[in-house]
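The values are calculated or read from the model by the stated rules, or taken from the named source; none is laboratory data. Everything numeric in this text was worked out from a predicted model, so none of it was measured. Neighbour counts run over all protein chains shown; Cβ positions are idealised from the backbone, glycine included. Heavy atoms of the whole protein, side chains included, go into the accessibility calculation; ligands, DNA and RNA do not. Shrake-Rupley method; radii C 1.70, N 1.55, O 1.52, S 1.80 Å.
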Amino acid sequence: MNAPAYQEGVLAHGTRGELERLRLLEELCDPTTTIVLERLGVAADWHCVEAGAGHGSIARWLATRCPDGRVTATDLDTALLDASPAPANLTVARHDVTRDDFPAGSQDLVHARALLGHLPDPQLALDRMAGWLAPGGRLVVEDPTYLPTAASPYPRFAELFDACQQLPARTHGTDHSWARRIPAAMARSGLTDIGMTIRVAVCGTDEKEDAFWRRCFAQATPGLIATGLMTAEQITAAVAHLDDPAFSDTAWMMVTCWGRRPS
Ligand SMILES: C[S@@+](CC[C@H](N)C(=O)[O-])C[C@H]1O[C@@H](n2cnc3c(N)ncnc32)[C@H](O)[C@@H]1O
């Protein structure tokens, strides 16, 4: 997907509810992200880039962990990026990860979550980010992927998840299968010490999780109807499952991968 396409699509920062969706995404995913970053040994003097920072929670977390270092939070559109109160070591920059660079070897950590799968050539972007790393520096890349929905006992809900997967693929070329290829892409990029962990989303049993999905479904609804992927009635029936106390299902997971530039 090219940069203008993201900014005009269903996840554009100007879309009603997108700030709330980004906040919910942070609440759900930050615990795994920060555990992984802690295990990698984020140090007080590290220089870090948070690419496609969104609302910026990980950039703010890194800024507290690297008081003697520097954190640069980048995004195509920084309007929703909350850098307040702005610590002296946190810089916000408009930056297109497909075109704009950092000096080679300048970073101890580069992190990108839910970004690369939206890009036309995720391997190329990963290669570029790996090039920003100093020897021994860490790259952490996270992207969501979908579980096969055919096994769901809730066909209407499964249909909605399928359609939500197809919509950004059709309109922007988002590739949700990319997430499973991240470790191989890191190896191809010359990184070592590669690891992977996965957080699976369960709908119907957790208020925060359901709030996130209600937000996603609401934002997707006009596009799903306009593209003919689903009717308003089908969407309403599928989302109604979330009101059923007996309902739980899973379809989506966040894949978190890390690698190290050889010393
Ligand atoms: C789904 S959001 C994820 C936000 C954040 N990383 C998180 O996980 O909470 C994707 C973010 O990537 C940004 N983005 C999309 N394409 C980009 C590009 N080519 N360069 C930089 N940022 C981009 C979007 O503006 C958006 O803020």
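Taking H as built 1.01 Å from N, whose amide H comes closer than 5 Å to the amide H of Ala201, not counting residues under 5 places away?
Distant-sequence amide H within range of Ala201: Ala251, Trp252, Met253, Met254.
In debye, nearest 20: dipole of the chain around its Cα centre with unit charges on the Cβ of K, R (+) and D, E (-)? Present the calculation step by step, with values, prior to reporting the outcome.
On the way: 23 positive and 33 negative charges, 118 e Å.
The dipole of the chain has a size of about 560 debye.
Computed on alpha carbon atoms, what radius of gyration and Dmax characterise region 18-120, expressed in Å?
Gyration radius and largest Cα-Cα distance of region 18-120: 12.8, 36 Å.
At 0.36 nm per residue, minus the direct Cα-Cα distance, what do Thr34 and Thr15 gain on full extension? Give it in nm, one decimal, please.
Full extension from Thr34 to Thr15 adds 4.1 nm.
Could you tell me which of Ile235, Ala169, Thr221 has its Cα farthest along the dipole of region 106-254 towards the positive end, charges placed at Cβ (Lys, Arg +1; Asp, Glu -1), taken about the Cα centre?
Going by the charge dipole, the pick is Ala169.
Could you work out how far apart the two model spin labels at Ala169 and Ala150 are, taking each label as a point 7 Å from the Cα in the direction of the beta carbon, and quote it in nm?
Once both label points are built, they end up 1.3 nm from each other.
Could you give the accessible area per residue of the chain, probe 1.4 Å, as a whole number in Å²?
43
Grab the alpha carbons of region 3-260, take their convex hull, and tell me the volume per residue in Å³.
Measuring per residue, one finds 117 Å³ for the Cα hull of region 3-260.
From the protein chains alone at 1.4 Å, what is the descending order of accessible area for Ile182, Ile198, largest first?
If we order Ile182, Ile198 from most to least accessible, we get Ile198, Ile182.
Stretch Ala218-Ala79 to full length: gain in nm at 0.36 nm per residue minus the Cα-Cα span?
47.9 nm
Any idea how far apart Met253 and Met196 come out in nm if each label point goes 7 Å out from Cα toward Cβ?
Roughly 0.9 nm, to one decimal.
If each residue of separation counts as 0.36 nm, what is the full-extension length gain between Arg99 and Ala86 once their alpha-carbon separation is subtracted?
2.0 nm
Provide Asp82, Asp101 ordered by accessible surface of protein heavy atoms (probe 1.4 Å), highest first.
Asp101, Asp82
Suppose we keep just the DSSP beta bridges with both residues in the chain; what percent of those would be antiparallel, to 5? Display every interim value, and only then the final one.
Values: 19 of 38 bridges.
Looking only at bridges with both residues in the chain, the antiparallel portion is about 50 percent.
Could you give me the radius of gyration and the Dmax of region 121-263, taking only the C-alpha atoms into account and expressing both in angstrom?
According to the Cα coordinates of region 121-263, Rg and Dmax are 17.8, 57 Å.
Roughly what would the spin-label model give for Thr227 and Asp127, points 7 Å off Cα along C-beta, in nm?
2.8
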